[in-house]
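See below for the structure under consideration.
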Ligand code: ADP
Ligand code: MG
Ligand code: MG
Ligand code: MG
Ligand code: MG
């Protein structure tokens, strides 16, 4: 979850005092990076996924499943290989927000070679095995699951701890301090978000109204917590802590572009796909022991770190704060980044004009300057006393401080100071899937889409306000089968001027389509993303094994999109509703959750088939990441994925 710095965190009032200092030096650091690296060219495609996992502890006698607060015991062991053989490690492990979470990535990024698609699933398997080997096979397991169904219910952790509304970082009625990772960054973020906001965060998810759900559905909370009484909405599941969002797990992908312009272009193009992938990956239908009326985590995690004051949220007139801000720091992007996309950036967003003018004066173009001036309306949320005065030419901590606490659907990642890494973009909306096969399929699909966008010079842009509408639709129950999304029918630039800017973004270029139509196409009307990927694959030289691997992933994505395979959220929802002990009152009891989690464990870790979720793929990907890394461009006629294919579509 971003930058980890060791040291002594400052209090919120102290941190606030340094906000302008951090912003000023953050921008100075950015300018050094841009100045040094804006001309950097010819980086090859590199990519890697991040999978977040949760640890689970079963009690088979009592039939309970709890979140196991053990990641700090596991991490040093998981990191041994990376520390002993840096550069040769096959996996890499990082702490995450909750003390039941860990994040795993490939040890080294994968490359632009087609054969690497055979390795991603194997690497995910290896990660899973590394964790499983450190757990007690009788009653512990690791799960790649978006949201733990009974998060925030009494005794949802092992060991069990009591939440406290007067001590600790969250002041939560539900989420105990011990469930937050012990690195000071996490508690400090939690406390400072609460203090900056001026109250606890307030998360209200609409409850799924079943036949026996009380209507209106109103919960009672202990009298000592006035905030819950004010913030909890009827017919909603109320949650009051950062852990409910940041304690969810997700799947992210990062891509290295060949230069800064390609990175900006991919950032924009992929932004359009974020709602589509969010809907397809939907994996969070249950919160705090209740079935929700949504299938995804996005609004929950967004609200869970919403540090905006009442003034910034527009509830009271602006007096002490600088801006009215429409969105949480965890939300969809507010502007496109490339010059060509400017006409589609139709969202009215706050930005820091002083920073904007400074960036322009230093030669940055308007689109990019606005992007950073927008990110920089935020205050730093943590600051370590040892890290206040830095050498701006060498350090990027202040830049990263603000950058990495803007948790948006896409992230534009400038190269870190003093590293061989190029310009990257990160694709962040995907909910994590139960199996390595599914996660590999999602990752592969997004990598291939980037290749299709570049090779065929696609233009997916629609007004950004429409992308936001899509993100709202994406979270709805059964969105893949029931919702329609704004999407371009015309995938080429339609009437560009000499700068390559589409002259007038016309409504004729996009319309409402189902996810099935977007992914699989519609005869005579729209080519569909998977047919385009296949067309791309036909145009490059791919060996048979790799093509088979990719085909299975594409088949999976195609059937997800058509609704033949259920989303993880739909599958979980059905599991609950069909459980003999479910009383049609929206309650996911301890016993139902136990059965659900045990089934997830069997599917995720023991190869139990689940045809409704992903059919019956054959395991083709057994090779782990090996010597191929030494020659990222492949051998024996194996295609690489850099360099555009020029045939049209
Ligand atoms: P963050 O948490 O900041 O998003 P991580 O380091 O956890 O970043 O993960 C970044 C992902 O990017 C990993 O999968 C990693 O393998 C991958 N990666 C590393 N270097 C590069 C690179 N040069 N280009 C693209 N991806 C990279
Ligand atoms: Mg993470
Ligand atoms: Mg990470
Ligand atoms: Mg991160
Ligand atoms: Mg990330």
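The values are calculated or read from the model by the stated rules, or taken from the named source; none is laboratory data. Owing to the predicted nature of the structure, the values given are computational and were not obtained by experimental measurement. FYI the Cβ positions are ideal-geometry reconstructions off the backbone, even for glycines, and counts take in every protein chain you see.
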**Asked** If we keep just the residues of the range 112-137 that are surrounded by fewer than 18 Cβ atoms within 10 Å (Cβ to Cβ) and in contact (Cβ under 8 Å) with a residue 24 or more places away in the chain, which is nearest to residue 56 (Cα to Cα)?
**Response** 132
**Fill in**
Within the range 417-438, restricting to residues that are within 12 Å of ligand 1 (Cβ to nearest atom) and either more than 23 Å from residue 123 (Cβ to Cβ) or within 17 Å of the chain's Cα centre (by Cα) (or both), the one that is surrounded by the fewest Cβ atoms within 10 Å (Cβ to Cβ) is 426
**Fill in**
Given (1) over 27 Å from the mean Cα position of the chain (by Cα); (2) under 28 Å from residue 46 (Cβ atoms), residue 355 misses just (2)
**Request:** Check residue 24 against each of (1) closer than 25 Å to residue 187 by Cα; (2) not in a strand (DSSP E or B) and name the one condition it does not meet.
**Result:** (1)
**Message:** Every residue in the range 219-271 that is closer than 22 Å to residue 51 by Cα and at pLDDT below 95, please.
**Reply:** none
**Asked** Is there a residue in the range 75-82 that is in a loop (DSSP other than H, G, I, E, B) and modelled with pLDDT of 95 or more?
**Response** yes
**Message:** Considering only residues that are more than 25 Å from the chain's Cα centre (by Cα), over 18 Å from residue 53 (Cβ atoms) and surrounded by 21 or more Cβ atoms within 10 Å (Cβ to Cβ), which ones fall in the range 144-170?
**Reply:** 163
**Request:** Could you tell me which of the residues 469, 483 is surrounded by fewer than 20 Cβ atoms within 10 Å (Cβ to Cβ) and closer than 15 Å to residue 333 by Cβ?
**Result:** 469
**Request:** Take the residues in the range 94-115 that are more than 10 Å from ligand 1 (Cβ to nearest atom) and within 17 Å of the chain's Cα centre (by Cα), then tell me which one is farthest from residue 187 (Cα to Cα).
**Result:** 102
**Fill in**
residue 293 meets each of (1) touching a strand residue (DSSP E or B) at 6+ places or on another chain (Cβ under 6 Å); (2) buried (at least 21 other Cβ atoms within 10 Å of the Cβ) with one exception, condition (2)
**Message:** Give me the helices (runs of 4 or more DSSP H) completely within the range 213-282, filtered to those with at least 3 residues that are out of contact with any helix residue (DSSP H, G or I) (no Cβ under 8 Å at 6 or more places or on another chain), under 27 Å from residue 182 (Cβ atoms) and within 16 Å of ligand 5 (Cβ to nearest atom), ordered by residue number.
**Reply:** none
**Request:** Output the residue which, of all residues in the range 79-107 that are in contact with a strand residue (DSSP E or B) (Cβ under 8 Å, 6 or more places away or on another chain) and away from ligand 3 (no atom under 14 Å from the Cβ), is nearest to residue 541 (Cα to Cα).
**Result:** 90
**Request:** State the number of residues belonging to the range 401-418 that are more than 25 Å from residue 385 (Cα to Cα) and out of contact with any helix residue (DSSP H, G or I) (no Cβ under 7 Å at 6 or more places or on another chain).
**Result:** 3
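Per-residue answers, yes or no, for (1) part of a loop (DSSP other than H, G, I, E, B); (2) more than 14 Å from ligand 4 (Cβ to nearest atom); (3) over 22 Å from residue 246 (Cβ atoms):
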| position | (1), (2), (3) |
| --- | --- |
| 402 | no, yes, no |
| 411 | no, no, no |
| 415 | yes, yes, yes |
| 419 | yes, yes, yes |
| 441 | no, yes, yes |
| 445 | no, yes, yes |
| 454 | no, yes, yes |
| 459 | yes, yes, yes |
